[in-house]
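The values are calculated or read from the model by the stated rules, or taken from the named source; none is laboratory data. No experiment lies behind these values; they were computed from the predicted model shown. Don't worry about glycine lacking a Cβ; one is built from the backbone with ideal geometry, like all the others, and counts go over all protein chains shown. In case anyone asks, the SASA skips ligands and DNA or RNA and just uses the protein heavy atoms, side chains included. Shrake-Rupley method; radii C 1.70, N 1.55, O 1.52, S 1.80 Å.
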Amino acid sequence: MLIYLFFATVLAQEIGLPSEYEQILEQISKDDFGKGLIGLLQEQYKAQNDDSIANIDQLLHNLEQNIMESEKQDAEVLSLQSDDSSTQTEQLKQQVAEAQYDVTNLGSQIKSIKDQTSRFDQRIKERENIIEEYEDIQAQLDALRKKERVQFEKQRKSSTTISSLIKRSRYLIKQLIPKKFALVQQSSNDIASDEEINEQIIELQNEAKEYLSEDDGYVQLMNQFIQVSTLLKTEMETDTDAPASKQKVNAMLDILQRLYDQVDKTSTVQLNAEDDREKQFKKVIQQMNNDKQALKAQIVEMDQVIGDKREYIEQLTTAQKDAQARLTSLQKQQKDLQKIRDDEKVSYNQRVKERKQSLKLLRQARNVLNQNFEAAKAYIMNML
């Protein structure tokens, strides 16, 4: 029996391995796993005796089991990694949503506060325009008031001048009447005195014309008095009584008195009116100043509000930048995590592919060895 096995072995070695098996073994040796497998078989052949076929078969079986166990463990690890990755993905998704909300919400707040600030700026501009209008109106009122004061002073000066002229006229006329009617016989000195009075009256008339217009009632009255005074002198030379001229003089005195009273009354009315205008002017100016002060106070208050809002905008802008940076970081983490998941999936698929290839090569080698162990052994020992 031993002789038979020996001859069978020798015969198998002499006959050699079929070419299709040789091709299979050569193809196996071209793969990295197959090259390692061939090397492992060679080492095993060197270490075992003639009944090493059982050991070789066990070795190949163990390798196959290891590959299948590795596949199982790899799948379990991938599943755990997938669960962890899914958890991280959901957490990142939630964090990204929160960060996006923060960025959007802060942006909305910033826009809202900027709109409020713009409205406050508009209100300030409106109040500044009102203040400018008040100041323009005050300037116009002040100019108008100055004109009114100048006009009042002219009227007051005119009234004062007329009053003075009337007083002096009545005095001179009163001085003239007694000298005309008190005595029939008059000295030359008295006549000269009358002449002086007449000259003063004429000077008074000229003074009145200098300050007053020709249409003024006092000027016209003085013109009439000059005529009456001349007539009175003529009558005195012929008639000691001269009642007609005397009546005219008295009438003039009466008119002068009434004119004086009228001027005085008019002056009082003008003065009261001027006081009323001044009071009303000051009241209006004071009211405008109060309004301006109130508007300026509102402007100061709104400026403070605007300052506070702009400071808050800066704080919100900083917070938005931080939120945007956080969002960008989270989105990058999402992208990196997805890449890791994709890479792990690709790597796993590659390992699965490699293990399938390894199992295929392992089973091919096992089949060749089972078909012709000795010839395959001899061929494998001469490979590589």
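Restricting everything to alpha-carbon atoms, can you work out Rg to Rh for segment 304-384 with a Kirkwood hydrodynamic radius?
Checking Rg against Rh, the ratio lands at 1.70.
Quick one: dipole size for segment 239-347, taken about the Cα centre, charges +1 on Lys/Arg Cβ and -1 on Asp/Glu Cβ, in debye to the nearest 20.
Value, rounded to 20: 720 debye.
Show which lysines lie in cross-link reach of residue 146 when reach means a straight Cα distance below 18 angstrom and same-chain residues fewer than eight apart are skipped.
Partners within reach: 154, 157, 279, 282, 283.
How far, in nm, would the chain grow between residue 150 and residue 70 when pulled straight, counting 0.36 nm per residue and subtracting the alpha carbon separation?
Length gained, residue 150 through residue 70: 17.2 nm.
Along the positive direction of the dipole of segment 290-356 (beta-carbon charges: Lys, Arg +1; Asp, Glu -1; about the Cα centre), which of 328, 302, 350 reaches farthest?
The residue sitting farthest along the positive end of the dipole is 350.
How would 148, 210 line up by accessible area, probe 1.4 Å, largest first?
Of 148, 210, the descending order of accessible area is 210, 148.
How much solvent-accessible surface does residue 101 expose, in Å² to the nearest 10, with a 1.4 Å probe and all protein chains in place?
140
Using the Cα centre of segment 92-152 as the reference point, and only Cβ charges (+1 on K/R, -1 on D/E), how large is the resulting charge dipole? Debye, rounded to the nearest 20.
60
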